[in-house]
2 protein chains.
Amino acid sequence: MRYRHPARDQIRIDGVLSALGHPVRLAAVRVLDGGGEHNCGSVLTELGIPAKSTMTHHWRVLRDAGVIIQEPSGRENLLTLRREDLDTRYPGLLDTILDGARTDETGA
Amino acid sequence: MRYRHPARDQIRIDGVLSALGHPVRLAAVRVLDGGGEHNCGSVLTELGIPAKSTMTHHWRVLRDAGVIIQEPSGRENLLTLRREDLDTRYPGLLDTILDGARTDETGA
């Protein structure tokens with residue numbers, strides 16, 4: 001199954017913020033930003049989430065907001081952070097958000 | 001009625017993003033960022049929203065996330081953007097978000 005993704009100029013800031021404004025989705029994006037090739041299963045493993053169904057909604061929100069690309073590859077779905085699209089449209093946004101997540105994590 | 005507000009170090013990035021990830025709340029924060037003294041009524045007027053009740057929930061979300069201070073002043077509620085708290089905890093975040101809102105507005 002092929003998914004629809006918004007073009008770069010269809011991305012909207014409130015959609016991106018709303019998508020990233022959930023702890024599980026933000027954690028998933030941090031995994032994707034860590035580099036390497038990821039599919040749904042590998043992200044779940046890194047996050048320690050057992051149920052795949054839990055994430056189906058979250059992937060959709062991230063996809064619809066223009067934050068990730070989800071594309072079928074064999075029996076899995078490859079996931080890619082749309083870093084270039086986001087950095088071009090909203091310079092610095094993703095980095096300040098990921099820095100903020102680290103700030104929360106280290107306690108402040 | 002006095003409202004509760006999180007201390008600066010209780011603010012969490014997912015709460016801030018979720019709060020700002022709604023077009024009405026983001027628009028309200030842009031009004032507050034524009035400077036000047038604001039109360040609920042003056043923001044509603046600037047946004048062209050007739051019903052005060054519509055905003056009660058939104059003010060609460062922004063308050064609980066640590067984005068605004070809402071405090072009683074006579075018969076009204078003064079609203080203040082917590083810029084210093086946000087800029088200290090998440091440097092650059094608010095500015096990149098407000099820039100992003102302008103990008104969306106001017107079309108791209």
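The values are calculated or read from the model by the stated rules, or taken from the named source; none is laboratory data. None of the values given here were measured: they were computed from a predicted structure. All Cβ positions, glycine included, derive from the backbone under ideal geometry; neighbour counts span all protein chains shown. Just so you know, the surface numbers come from the protein's heavy atoms only, side chains and all, with ligands and any DNA or RNA stripped out. Shrake-Rupley method; radii C 1.70, N 1.55, O 1.52, S 1.80 Å.
So here's what we get for this one:
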item: Fraction of the pair-distance distribution of chain A above 23 Å, Cα-Cα pairs, percent; result: 22 percent
item: At least 20 Å² accessible surface lost relative to isolated chain, residues of the stretch A:81-108 (1.4 Å probe); result: A:R89, A:Y90, A:L93, A:T96, A:I97, A:G100, A:T103, A:D104, A:A108
item: Shape box of the protein assembly as shown [Cα atoms, principal axes, largest first, Å]; result: 64, 38, 28
item: 7 Å along Cα→Cβ, label-point gaps from A:G74 to other copies, nm, shortest first; result: 7.0
item: Mean separation of Cα contacts under 8 Å, 6 or more apart, over the residue count of chain B: relative contact order %; result: 31 percent
item: Accessible carbon and sulfur surface of the stretch B:8-93 relative to its total accessible area, %, 1.4 Å; result: 49 percent
item: Choice from A:D87, A:D33, A:D64 showing the highest fluctuation, given a GNM over chain A with Cα pairs closer than 10 Å; result: A:D87
item: Stretchable slack from B:L78 to B:I49, in nm (0.36 nm times residue separation minus alpha-carbon distance); result: 8.7 nm
item: Copies compared at B:P50 - label distances in nm, ascending, label defined 7 Å from Cα in the Cβ direction; result: 5.3
